[in-house]
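K.L.:
Below you will find the structure I want to go over with you.
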Amino acid sequence: LVYHAAVPPGTKGIPMRKSVTIVLALTLAVAAFGLSGCSLFSHANDDANNLITAANANLKKFQTSDEKVRTLAAQLNDLGLSPADAAKALTITAQIRTELELQKAGLADASGKIAKIKTLDVDDTVKKYADLEVAALAAQEAVVDEGLKVYTEVDKLYTAIRGGNANTKLTGELSVSIAAIQENIKTLSDKASKALEIANAYLNKAAPAK
């Protein structure tokens, strides 16, 4: 899962790079959900497996959306710093934010479906695994939420450039805020990766590969 934030340099020597790339080392939970046929889920009823299938569908859409975000971000990085380019950039960031909102909603929906498994008549190991996956999805949703914040700040800068209002004070403030969000994303990414590792470790222990 990769977010790219194209950030123009500040005016009058403010030390901002044109391209700031945020790489989040996450493995999508779809890899863990595609297991309705494994030994652990042989203890799950049809309703549980249907919920898993529905959650998988959401996560596949997430993957498609993520690829679109990468493509849009590449287009953003290719733009210059003129007011005309800034106007184009704002159109692209609007599309990126739309995709990230869809990703966030998809993760929340997948989490809700997996959470419903705990209300069904299934083996306790399945319920425990559902708990762990819900935690992993919530952590990934938090990362996407921070990605939205990055593009909100980037929009402020492009809006200023488009209007000819970019200045040292503004670019300095945005540099600080974007850097802070980047740090939050790195921290949340680590937490999300760890949560998924815990879920996968539990699954491997509960249903070891043959």
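K.L.:
Specify which of the listed residues (Thr64, Thr91, Thr71) is hydroxyl-bearing (Ser, Thr, Tyr), without any contact (Cβ under 8 Å) to a residue 12 or more places away in the chain, open to solvent by 50 Å² or more (accessible area, probe 1.4 Å) and over 26 Å from Ser193 (Cβ atoms). Show your work before the answer.
P.N.:
Numbers: Thr64 fails: over 26 Å from Ser193 (Cβ atoms); Thr71 fails: over 26 Å from Ser193 (Cβ atoms).
Just a single option satisfies the conditions, and that option is Thr91.
K.L.:
So is Ala206 open to solvent by less than 80 Å² (accessible area, probe 1.4 Å), at pLDDT 85 or above and either closer than 30 Å to Asp155 by Cα or not basic (Lys, Arg) (or both) or not?
P.N.:
So Ala206 does not fit the description; no.
K.L.:
Here's a follow-up. Give Leu76, Leu59 a once-over and let me know the one that is in contact (Cβ under 8 Å) with a residue 60 or more places away in the chain and part of a helix (DSSP H, G or I).
P.N.:
One residue alone meets the criteria, Leu76.
K.L.:
Considering Ser177, Ser189, which residue is assigned to a helix (DSSP H, G or I) and without any contact (Cβ under 8 Å) to a residue 40 or more places away in the chain?
P.N.:
After applying the criteria, what remains is Ser177.
K.L.:
Let me ask you something else. Condition first: over 20 Å from Gln182 (Cβ atoms) and open to solvent by less than 10 Å² (accessible area, probe 1.4 Å). Now tell me which residues in the stretch 116-159 satisfy that.
P.N.:
If the condition is that a residue be over 20 Å from Gln182 (Cβ atoms) and open to solvent by less than 10 Å² (accessible area, probe 1.4 Å), then Ile117, Val126, Tyr129, Ala130, Glu133, Ala136, Leu137 are the ones that fit.
K.L.:
In the stretch 192-210, which residue that is among the aliphatic types (A, V, I, L, M) and free of Cβ contacts under 8 Å to residues at least 12 places away in the same chain is nearest to Ala138 (Cα to Cα)?
P.N.:
Step one: filter the stretch 192-210 for residues among the aliphatic types (A, V, I, L, M), giving 192, 195-196, 198-199, 201, 203, 206-207, 209.
If we keep only those that are free of Cβ contacts under 8 Å to residues at least 12 places away in the same chain too, we end up with 201, 209.
Numbers: Ala201: 18, Ala209: 27 Å.
In this case the residue turns out to be Ala201.
K.L.:
Can I ask one more? Determine whether Thr171 is in a helix (DSSP H, G or I), touching a residue at least 12 places away in the same chain (Cβ under 8 Å), closer than 24 Å to Lys88 by Cα and more than 22 Å from the chain's Cα centre (by Cα).
P.N.:
The answer is yes for Thr171.
The values are calculated or read from the model by the stated rules, or taken from the named source; none is laboratory data. This one's a predicted model, so the numbers in the text were calculated from it and none came from an experiment. Note that each Cβ is placed from the backbone with ideal geometry, even for glycine, and that neighbours are counted across all protein chains shown. Note: areas computed on protein heavy atoms with side chains; ligands, DNA, RNA excluded. Shrake-Rupley method; radii C 1.70, N 1.55, O 1.52, S 1.80 Å.
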